[in-house]
Amino acid sequence: MTVDTDSNDRARTSFSCAFGLLTAGLFSITFSIALGSGFFALSILFFLVTSIVQRRTPADNMIAISAALIIMYGTASYFWSINPEMTIHKLSRLWWLTTLIIAANLTYNTQRLTILLKALVAGCVTLSIYNIIRNPLLAYRNVELNAPGCPDFLTALISRGSMTYSQIIMAGILISLAFAYNNRNDRSGLKVWLAVTLIQIVGLIINFKRGAWFCAVFTIILFAILRLRKMYLAIILASVAALCLLPPVQSRLSTLKDEFKVEKGGRAMMWLDIAPKLHKAYPSGIGYAALTDKKMKEINPKVEPGRNHLHSNLVNIVVELGWVGAVLYIFMVAVGIRMAFKNSASLKPVDAKASELLFALALVQIGLFLNGLVEYNFGDSEVLLVYCVLTGAAAATQRTQLQKL
């Protein structure tokens, strides 16, 4: 009996360490891929070693199964890849999907969910402040130095924007709104969370990424429709309209039409010319991460230079892994969103605050999926890791076997 108790104590400590490392990874991935991935790797190691030593089987919920299927199929694509060296080199990125399984097993109560999400928001606020200060300073310096592609301050500022940062901050905004909503009856707490949200909104705007803008606006409006009174929805819509009148925002929006002209060599050319030809030549896919700038230029030399992806999750996955890979991807995304909404609804009668956090995580998944229609964020390690941890946390249920520890 004593041996069993000691064994459970050691397992509890090890799994707690794994969760702590997972939390540290989620915080630090917002500003450092090296630091964040290091913490995530240690979390995975702690979890796997403890599970093996203690002979504890991880919970096999549907989201974990869907992630495992993509990992296995993407890994198998090495055997038919047109660029096997690149596929094997990039497979480590695909295997980060294991963090989804870890999060689904370790985030089994409201306390852990709250800790995890506050860590991400803290990271997003840090990242936003960093961008708000750094981007204008670097833009000004580039103009002063007559750097290539920086004829004026606005152009230089826009060039400093990051799609990676924008999508992570979008997730932080939605989670912060949920915390603000949970503190709606606490004036001081509400002010803090609204201030935190505002800082991130400025951080999102200053990155000047239109896809993240549109997805953030859509999900925030969806949150307002489903959770807030009509007055607040009107305020949000008026704020969005006012932001659209700002010259820098208008400048970015005015160039949107160029993205869908085939002759510009951007998304339209990739989606309507290069992707169909590659899929026709390789119906099963060219292999995970096997696409290169050279391969695209063989099909159409006018494509924008320096690209090794097709600016869309679905298009890119169909080209690399065929329709089987695309179906597995859509299945994983659909399962993640469904489980987040389902868990949110089931928790509402017993834990309304946790329910709202899970509702926000469902919106985050929707936002990242929509952004992934026009960006290859499935191939962005930082965004993928944030998606995996949040999706796993939202899918975790009280049936998780590790809850007993």
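The values are calculated or read from the model by the stated rules, or taken from the named source; none is laboratory data. Please read these numbers as outputs of a predicted model, since none were measured by experiment. Cβ sites come from the backbone with ideal geometry, for glycine too, and all protein chains shown count toward neighbours.
Things worth noting here:
- A Cβ distance below 7 Å, combined with a sequence gap of six or more or placement on separate chains, defines the contacts here; from the stretch 172-196, residues that are modelled with pLDDT of 95 or more reach no residue that is among the small types (G, A, S) and not in a helix (DSSP H, G or I).
- Hits in the stretch 101-149 - residues which are in contact with a Pro (Cβ under 9 Å, 6 or more places away or on another chain) and within 20 Å of T23 (Cβ to Cβ): I101, I102, A104, N105
- If the condition is being outside any helix (DSSP H, G or I) and touching a Gly at 6+ places or on another chain (Cβ under 8 Å), then the stretch 328-384 contributes V374, E375.
- Exactly one residue out of A67, A103 is touching a residue at least 24 places away in the same chain (Cβ under 8 Å) and not assigned by TED's automatic domain parsing to the domain that holds I173: that is A103.
Here is a yes/no grid of residues against (1) among the hydroxyl-bearing types (S, T, Y); (2) over 23 Å from G379 (Cβ atoms); (3) surrounded by 19 or more Cβ atoms within 10 Å (Cβ to Cβ); (4) out of contact with any Leu (no Cβ under 8 Å at 6 or more places or on another chain):
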site	(1), (2), (3), (4)
L174	no, no, yes, no
A178	no, yes, yes, no
N182	no, yes, yes, no
R187	no, yes, no, yes
V196	no, yes, yes, yes
R210	no, no, no, no
R229	no, yes, no, yes
I235	no, yes, no, yes
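- In this structure, I129 qualifies as surrounded by fewer than 16 Cβ atoms within 10 Å (Cβ to Cβ), assigned by TED's automatic domain parsing to the domain that holds L373 and touching a residue at least 24 places away in the same chain (Cβ under 8 Å).
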